[in-house]
Structures are given as C-alpha cells and as structure tokens.
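Handing you this structure, nothing more for now.
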Amino acid sequence: MKIRLRACAALIAVMLSASGSALAQYAIVVKDTHNPYMIRMREGFQRACAELGVEAVFTGPGADGYPDQAQCVRTLIEQGAEAVAIAVNDQAALADALNEAIAAGVPIVSLDSMVDPQRRIVHIQQASPEMIGRVLIQAGAQMIGGKGQFAILTTTPAMPNQADWVRWMEYELNAYPEKYSSMELVRIAYGLDEYAASADAARELLDHYPDLKLIIAPTVVGIRAAAETVEAAGSPVLVTGLGLPSEMAGHIQSGVCPWMYLWNPSNVGYLAAYVIDTLLKGGASGMLGEVFSAGALGDRVITESGDGGTEVVLGNPQMFDRTNIMVWKEMM
Ligand code: RAM
C-alpha cells in the first residue's frame, strides 16, 4: 500500500515540479490512467484548466486497476489540491478518504461515475443513466429482432455508473414484457474495465452460450474487447454498447457492431474543471437550479440527480453507425 501511495505522490510531484509554478491546482482522479476514455476526459480537464489559468493535476490507479483511488485522494490533500474531481471505482472504498478531504476543506465533485451525494458537492453527469440503460436494451432488441439470448458485459459490480446503467437495462427489460419476453439475459459478466479480463469474459460467453446472439457492453474497454473476441472467433454474435468511435470504426463497418452510443469524454472533463472553478469562486454552491458559465460549453444549470444529490448533465448520448462513423472516428 505504501508503494502505491509513493507512486501516486511521485506522479503528482512530477506533475507539479514540471509546472514549477504556484498556480492553484485542480485535480482529476480517474478510474484507470491507461483507459482511453479517461485519457480523453483528462484532455478536456486540462484544456479547461489552461483557459482558467490553473494547474491541472491528473492521477488515478495504474494499468492494473488496483483500487487505490483513496490513496490518490489522500496524496492530493497532502499536496494542497484546491479541489478534486473523481470518477469513482468503488464508493465504499473511497468513503474515509473523501471524509478526510471534506474535513480538510477540499471540495469534492464527481464526474462520469458518481461519488455518493453525502460526500460530493455535485456530479458531472455525461448523460441520463436511465436513457443510457433503456436505449441500450431498445437498440439490442432491434438488432436481434426482439428474440434470443444476450449477455451484458460490464466492469465491476461496484462501479457506480456501470451499476446504474445495468439497473436501468434490467428495468427496461422487465418493465415491458410485451416487447422483451422473447429475449433472455443469460449472464451479466464482469471485465473489470480491463482489456484482457473483458476479452476473457467475452470468450467465456461465446463458449458457454452457443445460441448467444448479442453482447451489450456499456464500457469502451469492454465493447472493443467483445467485438475483437467475436471477430477472432468468427462468431455471428453482435456487439453494442458504449464505445469510442476511433476504436470501434472497423467493427461498425464490419457489422459486428451495427451501432453504438457515447458522448464526448473530453467535454465531461472540460465541464468538471469549470464546475470546480465556479464552486471555488462562489459562482455556485451545487444547489438545485443554480446557473453558471462553463466556458465553450456555455451556461449550464444544476439539476436533481437520480441518487438524491445534484448534477450537471452534459447532454444526450450520440449514436454511431456506418453513416457517421468515418467522420467521428477522427474526433473521439
Ligand atoms: C468505461 C468506463 C467509464 C464509462 C465508459 C463508457 O471505460 O467505465 O466510466 O463512462 O467506459
């Protein structure tokens, strides 16, 4: 554990020493520093911090996804971060460290994957979790003609955004039997948001369910791993979910992924930096109905989130298919 604390500290120290400045530091803690979605969130966060004239500090678990976000938060408190935006792997594992941050007067917001409402001021929400979950089931049903076996390949049971989306997928499936009674959810599989584990999980689904028709993966790592595993196996199984156009273009063109959804992760990070800035400068306090300026994203309003707290919603998920993927693959 100490090694990881030093690793976090070393990474942050390098970031700060490289800057050599005493600028205010806004920090972002991601789920995994190697995840391409998280790297794009970092880019937007850094772009906004540059516009705001502050230092962006980027940290999080390494490639192994080890749940050391709590240690990164503690290191950021020690380093004097002005505020922390975090994309959560496990709310319970973070509780004590976030309590320490709050006691130290360091404001906490969450982005992409929520901190519990008791420990965050506000959440930066990429899109409605209800819309994401229900649209993925509706799309999947359309792809397989409303009948057959399908599986969900998510990350871990603890990741709040993933768990929320899976809950809304199950809600949609169970709330409309007249639409989905001929579809069978045979397994919810877990790929840890890591490529190898996700590919193994997809391989196991293909081996265990020979009549499987579809895998729905609400994770950019999982959807790519599933598509590549299906293609390598020469399987007729279809894949959809949430994916980066730059990574999924070939699979959309081949038809393995007829279409998928996402939003711009860079804008999630960008919005988070402006939320931190407005909180620190008194432009908002995280209360329902407050309006603030988010730079190039214009004025934004704080709304009620589904978990009893408040959030700022970026927008709606966008659909990517053969008609638009060649344009979007250059941008995300
Ligand atoms: C995964 C992460 C992230 C999620 C995206 C869609 O890599 O779990 O939190 O928003 O994909």
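The values are calculated or read from the model by the stated rules, or taken from the named source; none is laboratory data. Because the structure is predicted, anything quoted here is derived from the model rather than measured. Reconstructed Cβ throughout: ideal geometry from the backbone, glycine too, with neighbour counts over all protein chains shown. Ligands, DNA and RNA are stripped out before the accessible areas are found, and what is left, the full protein with its side chains, is counted by its heavy atoms. Shrake-Rupley method; radii C 1.70, N 1.55, O 1.52, S 1.80 Å.
Where Rh is the Kirkwood radius over the Cα pairs of region 129-262, the temperature 20 °C and the viscosity 1.002 mPa s, what D in µm²/s does Stokes-Einstein return?
Value of D from the Cα-based Kirkwood radius: 151 µm²/s.
How much accessible area per residue does region 178-332 have, counting only protein heavy atoms and a probe of 1.4 Å, in square angstrom? Each step should come with its number before you reach the end.
Details: 6420 Å² over 155 residues.
Ligands and nucleic acids excluded, the figure is 41 Å² per residue.
Region 100-162 to region 43-93: how many Å between their Cα centroids?
Taking the Cα centre of region 43-93 as reference, the centre of region 100-162 is 19 Å away.
Roughly what percent of Cα-Cα pairs across region 168-243 reach past 13 Å?
Values: 1854 of 2850 pairs.
Roughly 65 percent, rounded to a whole number.
Compute the length gained on full extension between Met331 and Ser181: take 0.36 nm times their separation in residues and subtract their Cα-Cα distance, giving the result in nm to one decimal.
Length gained between Met331 and Ser181: 50.2 nm.
In whole percent, how big is the carbon plus sulfur part of the accessible area of the chain, probe 1.4 Å, protein atoms only? Mind dumping the intermediate values first?
Values: 7060 of 13020 Å².
Summing carbon and sulfur atoms, their accessible area is 54 percent of the total for the chain.
With no solvent and one point per C-alpha, what does the Debye sum give as log10 I(q)/I(0) for region 226-301 at q = 0.17, 0.24, 0.28 Å⁻¹?
Debye output, listed in q order: -0.68, -1.00, -1.23.
Under 5 Å between amide hydrogens, which residues at least 5 positions from Glu184 or on another chain qualify, with H placed 1.01 Å from N in the peptide plane?
Amide H to amide H, under 5 Å and 5 or more residues apart or across chains, Glu184 pairs with Gly148, Gln149, Phe150.
To make sure I understand the rule: partners must be aspartates and glutamates, Cα under 14 Å from the Cα of Lys31, and not fewer than 8 residues away in the same chain. Which ones qualify?
Cross-link targets: Asp64, Asp68, Asp90, Asp112, Asp193, Glu194.
Also, I was wondering about something else. Can you list residues whose amide H is under 5 Å from Ala189's amide H, if they're 5+ apart or on another chain and H is modeled 1.01 Å from N?
Amide H to amide H, under 5 Å and 5 or more residues apart or across chains, Ala189 pairs with Ile152, Leu153, Thr154.
Which one of Glu178, Glu204, Glu231 has the biggest mean-square fluctuation once the chain is modelled by GNM with Cα springs under 10 Å?
The residue with the greatest mean-square fluctuation here is Glu178.
If one takes the longest principal axis of the Cα atoms in the chain, at what angle in degrees, from 0 to 90 and to the nearest 10, does the Cα axis of helix 160-175 lie?
Its long axis makes an angle of about 40 degrees.
Taking just the alpha carbons, could you work out the radius of gyration and Dmax for region 44-123, both in angstroms?
Both quantities, over Cα of region 44-123: 12.2, 34 Å.
Given bins 10 angstrom wide, list per bin the percent of all Cα-Cα distances in the chain, short to long.
Once binned at 10 Å, the Cα pair distances of the chain give 6, 27, 33, 22, 10, 2, 0.
For Lys329, go through the aspartates and glutamates and keep the ones whose alpha-carbon is under 20 Å away, minus same-chain ones fewer than eight residues off.
Those aspartates and glutamates meeting the cut-off are Glu43, Glu228, Glu231, Glu247, Asp321.
Which residue fluctuates the most in the chain, going by a Gaussian network model with Cα springs under 10 Å, if the choices are Ala127, Ala272, Ala217?
Its mean-square fluctuation being the largest, the pick is Ala127.
Heavy atoms only, probe 1.4 angstrom, no DNA, RNA or ligands counted: give me Glu304, Glu130, Glu247, Glu172 ranked by accessible area, highest first. Working shown, then result.
On the way: Glu304 130, Glu130 70, Glu247 50, Glu172 0 Å².
So, going from the largest accessible area down, we get Glu304, Glu130, Glu247, Glu172.
Follow-up question, since we're still on this one. Could I have the simple spin-label model distance between Asp207 and Asp321, label points 7 Å from Cα toward Cβ, reported in nm to one decimal?
If labels sit at Asp207 and Asp321, their model points lie 3.5 nm apart.
If the reach is capped at under 26 angstrom between alpha carbons, list the lysines near Lys147, excluding any in the same chain fewer than eight residues apart.
Lys179, Lys213
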